[in-house]
Amino acid sequence: MTFKVIGDGGRKQKLIQRLQEKGCKNVIVSPPVERDALMSEYAKADVLFLHLNDYEAFKKVLPSKLFEYGATGKPIWAGVGGYAAEFVSKELSNAVVFNPGNVVEAMRVFDTLTLESIERTAFIEKYQRKNIMRSMVKDICELLA
């Protein structure tokens, strides 16, 4: 199994250092890429991975990456808590959640993924920007009525 990490997160250098210390040969760390290239990387992936630290602030956010990942149809392996964990469990088929930083749980839930792409037509339709905006306008109008 090969892992490809794309981007420049705040702990990238620490990750590279630990990979070197451990002699890991199956992790490729790549710089950020343009959006078109990123979509191409998603298409080549077997599984899309997302991990947020176990901070209180991260329990109240919904990373936009989940919508990108969801639209691909690829299996999703997410180390998230709080609202993001609820969202993944409720809205994304062939996606699994584990508590951030819990390697044992991460490996356990990974084994429950189906390693093939699926159709997420209902998800894509529900979360298209135009539909979200329509729903928001409706909510605002109801609030002001």
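We did not get these values from a lab; they are worked out from the coordinates using the rules stated. All of these numbers come straight from a predicted model, not from anything done at the bench. We place every Cβ from the backbone using ideal geometry, glycine too, and count neighbours over all the protein chains shown.
What residue among 33, 87, 143 has its Cα farthest toward the positive end of the dipole of the chain, where the charges are +1 on Lys, Arg and -1 on Asp, Glu, each on the Cβ?
My answer, from the dipole projection, is 33.
Starting with the fewest neighbours, write out 64, 30 ranked by other beta-carbon atoms found within 10 Å of each beta-carbon.
Least to most surrounded, the residues fall as 64, 30.
Want the number for residue 36 to residue 22: 0.36 nm per residue separation, take away the alpha-carbon distance, what's left?
That pair, residue 36 and residue 22, stretches by 1.8 nm at full extension.
Strictly over 30 Å apart at the Cα level, which of 12/126; 22/90; 12/44; 4/90 would you flag in this model?
Result: 12/126; 22/90 exceed 30 Å.
Peptides 114-122, 93-101: what's the order by average Cβ count within 10 Å, highest mean first? Numbers along the way, then the final one.
Numbers: 114-122: 11.9, 93-101: 18.7.
Ranking, from highest mean packing down: 93-101, 114-122.
Give the span of the chain's Cα atoms along each principal axis, as three whole-Å numbers ordered largest to smallest.
The principal-axis extents, from largest down, are 62, 32, 31 Å.
Over 21 Å apart: what share of the alpha carbon pairs of region 33-119 falls there, rounded to a whole percent? Write out the running numbers ahead of the final one.
On the way: 1021 of 3741 pairs.
Counting pairs separated by more than 21 Å, the tail of P(r) holds 27 percent.
What FRET efficiency comes out for residue 114 versus residue 139 if R0 is 35 angstrom and r is the Cβ-Cβ distance? Round to the nearest 0.05.
Using R0 = 35 Å, I get an efficiency of 0.50.
What's the extension gain from residue 56 to residue 107 if we count 0.36 nm per residue and subtract their Cα-Cα distance?
16.0 nm
In whole Å, how far is the Cα centre of region 7-52 from that of region 103-145?
24 Å
Which residues' amide hydrogens lie under 5 Å from the amide hydrogen of residue 95, considering only partners 5 or more residues apart or on another chain, with H built in the peptide plane?
Residues meeting the amide H criterion: 76.
Which of the aspartates and glutamates could be linked to residue 74 by a straight reach, that is with a Cα gap under 12 Å, when you skip same-chain ones fewer than 8 residues away?
Here the aspartates and glutamates satisfying the reach criterion relative to residue 74 are 41, 46, 116, 119.
Just need the relative contact order of the chain here, percent rounded to a whole number, with Cα pairs under 8 Å and 6+ apart. Show your work: numbers first, answer last.
On the way: 173 pairs, mean separation 26.1, N = 145.
Reported relative contact order: 18 percent.
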